Amino acid sequence: MLDPSSSEEESDGIVEEESREVMAPQSGSSRISPSRTSESSDRLQPASRGSSARPSSPSPSAASEHEKEDVEKLQREEEERKKKLQLYVFVMRCIAYPFNAKQPTDMARRQLKITKQQLQTTKDRFESFLKGDTQIVADEAFINAVQSYFEVFLKSDRVAKMVQTGGLSALDCREVFKRHIEKRVRSLPEIDGLSKETVLSSWMAKFDTIYRGDEDPRKAQQRMTASAASELILSKDQLYEMFQMILGIKKFEHQLLYQACQLDNLDEQAAQIRRELDGRLQMADQIARAGKFPKFVSKEMEAMYIEELKSSVNQLMANLESMPVSKGGEFKLQKLKRGHNTSIIDMGQEDENQLSKSDVVLSFTLEVRTVLAFRQCSLALCSRPGFTYYVVLRPTPNSPKQAELHKMTVTKACPDQDLKIKLAVRILWGQGYSSIKIFIKYCDYFFRYLWAVGKNVWKRWKKRFFVLVQVSQYTFAVCSYREKKSEPQELLQLDGYTVDYTDPQPGLDGGRAFFNAVKEGDTVIFASDDEQDRILWVQAMYRATGQSHKPVPPTQVQKLNSKGGAAAQMDAPISQFYADRAQKHGMDEFISAIPCSFDHASFFEMVHRLTFDHSLNDNFACLGWFSPGQLFVLDEYCARNGVRGCHRHLCYLGDLLERADAGHMIDPTLLHYSFAFCASHVHGNRPDGLGTVTVEEKERFEEIKERLRVLLENQITNFRYCFPFGRPEGALKATLSLLERVLMKDIVTPVPQEDVKAVIRKCLEQAAQINYQRITDYARVEGKKREMYDHPVYSLATQVMDLTIQNVANLATPAKKLEHVIRLAELVIEVLHQNQDHHAEAFAWWSDLMVEHAENFLSLYGVDMDAALEIQSPESWDSFPLFQLLNDFLRTDYHLCNGKFHKHLQDLYAPLVVRYVDLMESSIAQSIHRGFERESWEPVKSLTSNLPNVNLPNVNLQIPKVPNLPVPVAGLSVNLPQMPSFSTPSWMAAIYDSDNGSGTSEDLFWKLDALQTFIRDLHWPEEEFAKHLDNRMKLMSSDMIETSVKRTRAAFESKLAKSSRSTDFRIPLSLCTMFNVMVDAKDQSAKLCAMEMGQEKQYHSQIDDLIEESVKDMISLLVAKFVVILESVLAKISRYDEGTLFSSFLSFTVKAASKYVDVPKPGMDVADGYVTFVRHSQDILRDKVNEEVYIERLFDQWYTATMNLLATWLTERMDQQLHVYQLKILIRIVKKKYRDFRLQGVLDSTLNSKAYDTVRNRLTLEEATASVREGGMQGISMKDSDEEDEEDD
């Protein structure tokens, strides 16, 4: 913007250049441009269109019609331009001299909006972080949060719409992320020494780093600071430039208007205000006399209307009076002394504001500084005795401040009679008084010598020194002073006078340029020595009197009347030059227009609309809020031009509603404030008292009220899209509050809550339909596109043209439809999650309606769900993921748990669950029967290694992301049944893993555990049915395990009976597997058959007893087998009993052979074979059987039974002496058995039993007898020795 204080030459050159650009017609061009004429009206007329191009219309009449339309369009544009220029003049004056409004500093700072390019840049930065291209260190939880934020928020089409409408700011992005992570951070486990607030702060700091990217944070801070400063206080130049952009005013037009209106002259602006206020008072009187009142809702308001007009003008006058008198020129304003002397000069009327001489006393100090003294003489010469010199100074306020040469008065004796001294004179005005501040307007033209004569004052035509004094904004006086006198000689108070130019008066000698001040009954004639002084005095007194008539200098009148024009006089002031130039360019009509003669209601409506559009299109996410500077100018315009407050807010409401209907984000707080003001005004309940209400205001208010009601209901209906992600913050809550106020019939009577509830209920019912329709369309488009491309029909070229998405939908299989319904369920859940996270707080007062909305929303989904489930095969169990997905969400929601849709879901799936359990029970029972019949009892490491026909894939259903939702859904692993032909269901993963169980038992326990896991994971919400399912699972498991235990015990007995009875017997792995089956059955029964009620606990104890009895029987059978094997060994050595023929023969043979050869020890192979059998059996049992308790119990019984058998066998031979070979075998067996069982952990109390003591004593005695009789035992003895141990090893 050009500086108003720029030089005349520069500004004139700019104006002339711009003028030539506008005025020059362009012949031969199809462009139509306005041109200025040189007529006295100076109105802009459309330039003629070039005729070089032939018209394309088919007929001359059509061409003329087209030209007529163009002319009309140009006329409309011209009228619009003129209206904007006139409006800009009014706005400029409001900016130049505001006396009602101030720029607010307490407004919430508007945030910079995000553009499409900035949004794309932000997406790229977050994508780079997720790809790991940045140096930001983050944990997995933060990365997941950023991934969710990126997918759900930044890539949302609703965010793109917010950016398109200018409603998204960086603060919104930050707040959404903060709310998004708060729940995640709260769900994290507690860490010692690290609070969750610290984690939240750290995450936000990382978010800021990602959002900022590589940008220097100092630059961002500087930009934010600059934007904040521009949002606070704007200078006048900035306000001028802003409204030039708003109203489409060109630079040179602004400069012309600025200079012609003298906006830099505050005195002129104050005078303009006084003239405007006087005009408004006259208009009020005229309306009262003519009776041309606006149409009010009541006839009694007409008198009140006049009072309102006068009261508003009086208030403005009081505001203006309270303004300090402005500064003029370069010097400070002088405070004048004002006393209370009542002896005033009669000026034709009595007034309580009459001034006295003592009110305008001049007080100042003169400071003289010598710069250079002399010409043609020196200081020494002037300092000689007898030389006297002095200088007479007559300083005035308009005296130059720079040093000047002054002629000195010297004595005749001085040789230099032309002596001059260079002095700088400065007036130091006296300090004012603290009572009443009275100011002199200090400028170059208000302190002058004038000729004057009047009727009551200055009765002689004489030249006097006059000063124009401004006491206050409404009190001016012209005072005459004498030299060396501080009080005026005479004064004229200008209240009620009218100043104008006049011709020279005959008979008055002195003065060249005349002007007068006229008042009823009094006329004062003034004259100055030159034309420029006269013009300046007339302008100053014109501003002081506040008259409506503007004096026109005779030179300008002559110029207007002359055809060819005349150049401005050289002595004309610069302001007159600017006025002439403004008149030349057609601006005079806008400058000289009387403000009170315009319809400022329509003017304000235009400037408000244009300002509002500018605010929406600037760099800030305004949401309908004006900037402080804009609000300041609008406030000043309304106050200064009498725009009614109701009309202003109705305009605001209209513009807000219009932009809201167009999709812009509008803060409902603005709607609420303006509506409340208008409602209180129309209903006569204003805080400042009763005011007049026009019929137009009431009708327009009712119209806007209806529009506002429709808008609010539409916003509540589309709350997810009008307030995406809860932005703007608190907007939805304010909308609900505003709706309640709009529904009120008047400002006092509250609307019944049931009526408000009914309206909101209706809106939310429609919202459920809209929301569901949108997510259905999204799911259908995404799903059907994939189906269309995957369908084989699509590959047929002859049918491609006829194939549509709808046709593909008809060809969809039940599995595809089920997949579509599951995907739709995920979208439904995410929508409800969003409602809870972002909108539940706003609907806190109407929480029951939000529950109804959710139920309606789910019921719409229930229709599609029922249709998809009806076409599913009765042998298919693929729909269970749908139940689990929905039930897991519903059961955690306090309001929706066991609600209408939840109960419908239970009723739909309860028969399916029961049938599935029945079929699974039958299938498991059949598999047990067939499995045990074909059971090989081979140990398996896992079920999959022995069941090749069982497919165990991990079902990983990837849940697609919900479009435009802030909460993501990660991959959802759901283990649900898929059991064709009642075989092992494919949904079961290998959740049970044993070491050495049988194939049938492993399959049984795995199926039972998987089935119970499935039932448990259903989380059936109804307590009774859930308890029934649990009890049935426990009872079924008990029955199945009981059958398995019995079949295993029978197989164990059968297998053991068929095994060898000698020391060649080796415990087969199948027997260990059977033991492990019992172990697994015991472990699984504790988990699968555990009951909470007393009766069920008893039933479970029966299963435990059965298992214990079976294990006990199996141990007894195995011990009996071991006893039989020992009996076979004892039977072999029984042949050596004393007194038998075989014993005598064997002894003789051995003795005879031992003389010739080394005969091996007979019987040691029997002992070694038995010892080997015992050790191998112990190792196998210890290694293959998983239960230590059973092993210890088996070893204890085994050791005890065999020792008892040996003791019995020896007791039977108490009267016989053991054969040496019998003794050796028994010693070796007993010693090895004792040692081996001790190594296996058999307790000493069991090892050193009575039977063992009997056997040990007998064998020790027999050993002593044999040593005496046979001469030794060849190293075999009951005594322990290291050599024997080494030999055994």
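The values are calculated or read from the model by the stated rules, or taken from the named source; none is laboratory data. Computed from a predicted structure; not experimentally measured. With ideal geometry, Cβ positions are generated from the backbone for all residues, glycine too; neighbour counts draw on all protein chains shown. Just the protein is used for accessible areas: all its heavy atoms, side chains included, with ligands, DNA and RNA removed. Shrake-Rupley method; radii C 1.70, N 1.55, O 1.52, S 1.80 Å.
Summary of values
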item	result
Residues satisfying the stated conditions in region 824-858, i.e. within 20 Å of Lys762 (Cβ to Cβ), β-branched (Val, Ile, Thr) and open to solvent by 10 Å² or more (accessible area, probe 1.4 Å)	Val851
Conditions (1) modelled with pLDDT of 90 or more; (2) surrounded by fewer than 20 Cβ atoms within 10 Å (Cβ to Cβ); (3) over 30 Å from Asp907 (Cβ atoms); (4) not hydrophobic (A, V, I, L, M, F, W, C); number of the one not met by Thr1048	(2)
Qualifying residue in region 443-453 (condition: open to solvent by 30 Å² or more (accessible area, probe 1.4 Å) and charged (D, E, K, R))	yes
Residues of region 460-469 that turn out to be out of contact with any helix residue (DSSP H, G or I) (no Cβ under 7 Å at 6 or more places or on another chain) and in a strand (DSSP E or B), as a count	6
Residues (open to solvent by less than 20 Å² (accessible area, probe 1.4 Å) and of a type in the set (Phe, Trp, Tyr)) located in region 890-929	Phe901, Tyr909, Tyr916
Filter result for Arg125 (open to solvent by 30 Å² or more (accessible area, probe 1.4 Å), part of a helix (DSSP H, G or I) and either of a type in the set (Phe, Trp, Tyr) or on the phi < 0 side of the Ramachandran plot (or both))	yes
Unmet criterion (only one of (1) in contact with a Pro (Cβ under 8 Å, 6 or more places away or on another chain); (2) at pLDDT below 90; (3) not hydrophobic (A, V, I, L, M, F, W, C)) for Glu826	(2)
Helices (runs of 4 or more DSSP H) (entirely within region 587-661) containing at least 2 residues that are farther than 30 Å from Leu690 by Cα	588-591, 600-616, 645-661
Residues located in region 756-792, provided they are modelled with pLDDT of 85 or more, surrounded by 13 or more Cβ atoms within 10 Å (Cβ to Cβ) and not aliphatic (A, V, I, L, M)	Lys757, Arg761, Lys762, Cys763, Glu765, Gln766, Gln769, Asn771, Tyr772, Arg774, Thr776
Residue tally, condition in a strand (DSSP E or B), in contact with a strand residue (DSSP E or B) (Cβ under 6 Å, 6 or more places away or on another chain) and among the hydroxyl-bearing types (Ser, Thr, Tyr), over region 470-493	2
Yes/no for Phe153 being buried (at least 16 other Cβ atoms within 10 Å of the Cβ), modelled with pLDDT of 90 or more, out of contact with any Ser or Thr (no Cβ under 8 Å at 6 or more places or on another chain) and of a type in the set (Phe, Trp, Tyr)	no
All positions within region 1011-1032 that are buried (at least 22 other Cβ atoms within 10 Å of the Cβ) and among the aliphatic types (A, V, I, L, M)	Leu1011
Flag if Ser235 is small (Gly, Ala, Ser) and either modelled with pLDDT under 85 or open to solvent by 70 Å² or more (accessible area, probe 1.4 Å) (or both)	no
Flag if Gln255 is in contact with a Ser or Thr (Cβ under 7 Å, 6 or more places away or on another chain), assigned to a loop (DSSP other than H, G, I, E, B), modelled with pLDDT under 90 and polar (S, T, N, Q)	no
Residue ID - most open to solvent (accessible area, probe 1.4 Å), chosen from residues in region 1201-1239 that are touching a Ser or Thr at 6+ places or on another chain (Cβ under 8 Å) and not in a helix (DSSP H, G or I)	Gln1217
Selected residue (only one of Leu610, Leu634 is in contact (Cβ under 8 Å) with a residue 24 or more places away in the chain and surrounded by 22 or more Cβ atoms within 10 Å (Cβ to Cβ))	Leu634
Selection within region 638-694 - of a type in the set (Ser, Thr, Tyr) and within 27 Å of Gln111 (Cβ to Cβ)	Tyr652, Thr669, Tyr673, Ser674
Residues located in region 1054-1072, provided they are exposed (fewer than 14 other Cβ atoms within 10 Å of the Cβ) and assigned to a helix (DSSP H, G or I)	Ser1054, Ala1057
Segments classed as helices (runs of 4 or more DSSP H), wholly inside region 805-894, with at least 3 members that are touching a residue at least 24 places away in the same chain (Cβ under 8 Å) and under 17 Å from Tyr772 (Cβ atoms)	814-834, 847-870, 880-890
Complete set of residues in region 61-120 that are open to solvent by less than 80 Å² (accessible area, probe 1.4 Å), hydrophobic (A, V, I, L, M, F, W, C) and not in a helix (DSSP H, G or I)	Phe99, Ala101, Met107, Leu112, Ile114
In region 906-935, residue farthest from Met1040 (Cα to Cα) [restricted to those that are assigned to a helix (DSSP H, G or I) and among the basic types (Lys, Arg)]	Arg915
Failed criterion for Ala639 (all others in (1) over 18 Å from Lys113 (Cβ atoms); (2) open to solvent by less than 20 Å² (accessible area, probe 1.4 Å); (3) of a type in the set (A, V, I, L, M, F, W, C) hold)	(2)
Residue that is most open to solvent (accessible area, probe 1.4 Å), among those in region 706-755 that are β-branched (Val, Ile, Thr) and in contact with a Ser or Thr (Cβ under 7 Å, 6 or more places away or on another chain)	Ile747
Cβ-Cβ under 7 Å pairs, at least 6 apart or on other chains, region 1108-1124 side of a type in the set (Asp, Glu), far side assigned to a helix (DSSP H, G or I) and open to solvent by 30 Å² or more (accessible area, probe 1.4 Å)	Asp1113/Arg1049
